[in-house]
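The values are calculated or read from the model by the stated rules, or taken from the named source; none is laboratory data. Treat the numbers as computed from the prediction; the structure is a model and nothing was measured. Heads up, the Cβs are rebuilt from the backbone with ideal geometry, glycines too, and the neighbour counts pull from every protein chain shown. Just the protein is used for accessible areas: all its heavy atoms, side chains included, with ligands, DNA and RNA removed. Shrake-Rupley method; radii C 1.70, N 1.55, O 1.52, S 1.80 Å.
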Amino acid sequence: MTTASPRLLRTSIALFGAVLATLLTLSTSSAALGGGAGNGSTTAAPAAERTDVFMKDIASDVGNEPHGAIYSSFFNSPDVKICPSAVECASHTNPVVGSTSYIFVKLRNPGPYGSGISSGTLRAYYTTSGGAANWPVHWTPIGAKSLPVAPGETVTSIAWPNVPSIGHFCLLLRWESATDPMNFEGTATSINTQYNNNIVWKNANTVPATPGGPPVDRPYALANALPVPANFDLVFRPADQVVPGVKVVVDLGPELFERWVRNGRAGDGIRVVGRNQLEVDPARAQIRDLLINPEERPVVKLSFAAGEAVQKPYVLQVLQVGPAREVGEKFVLGGVDYTIVSDRR
């Protein structure tokens, strides 16, 4: 198996900020003044009345729009976690199908664009776990809570009754307030999240690995926010250290696999191992040029198998890379942080 070069991803990263700055100049300049209503946004309050509640996209986020680290795990907010009971847990857990889970959220006041007590509504949504997702069509409401947020940190929760049978999800949390408007909202959830400090995305999943045991499967949904067909890449990379002894196989399904073959079977760190399956190098791999049509939501299957005991948690990122506004762009559109741990059952 060949190890993928990180050159393509570095090129994508270098282009992302410059292109988005050009696309969003008007939106971000008005946001700095507390203005700029857009699709789904609230009319801006006068500057003297502007409040600013925010949630962190990443650990170093201080509420700036964009938060300044747009190539990190902006899809795995540290201010959101799922817990199995109404008592806040220490760390994020996978929801249990059929149960009532609880989404705990930390709201921070003030951010850099306002001050004072803010009143609004926190709304929670879910979609199938994966890379890109389109707003609002791919998101299903979970629940909402209206509350005041005083200066400081406020932790609140929203109950999620009867968790659906798929069991693995992305979450989207939105703070909506008349005095704390959105900059703008378009179709791409990735851009909405990074350019609105009152929107956060939580897309993290724990994978229990048993040496020599059966593979653990996870769904991974892809999306295309453009009005025309476009090619997208799946990129695999360790968040920190390479996961030792873990085999990762991607089942593209017959239709997506055939499209990939027609596009030239492009990729790095991959090899065909079945009719629709590709084994990927978890150290660094890319499956390139996956054609996705507008309004499609293909779901591929990721299978994780451990060849040796996992001594500590390892995080493998699986990213969707491709165009957000026009064909030919290479943006990180979203992804999942898979934490691979030893199965202690």
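Listed by chain and number, the lysines whose C-alpha is less than 20 Å from the C-alpha of residue 56, apart from same-chain residues fewer than 8 away, are 81, 106, 145, 202.
For the stretch 195-345, what proportion of DSSP beta bridges, expressed in % and rounded to the nearest 5, is antiparallel? Around 85 percent of the beta bridges assigned by DSSP in the stretch 195-345 are antiparallel ones.
Projecting label points 7 angstrom from Cα along Cα→Cβ for residue 117 and residue 88 puts them 2.0 nm apart.
At q = 0.14, 0.19, 0.22, 0.26 Å⁻¹ the log10 of I(q)/I(0) for the stretch 279-345 amounts to -0.57, -0.91, -1.12, -1.41, computed by Debye summation with a single uniform scatterer per C-alpha, solvent ignored.
All Cα-Cα separations within the stretch 39-195 were binned at 10 Å from zero, giving a P(r) of 10, 40, 38, 11, 1, each value a whole percent of the pairs. How far is it, in nm, from the label point at residue 263 to the one at residue 159 when both lie 7 Å from their Cα along the line to the Cβ? About 4.4 nm, to one decimal.
Share of the stretch 101-200's accessible area from carbon and sulfur, percent, 1.4 Å? Carbon and sulfur atoms account for 53 percent of the accessible area of the stretch 101-200.
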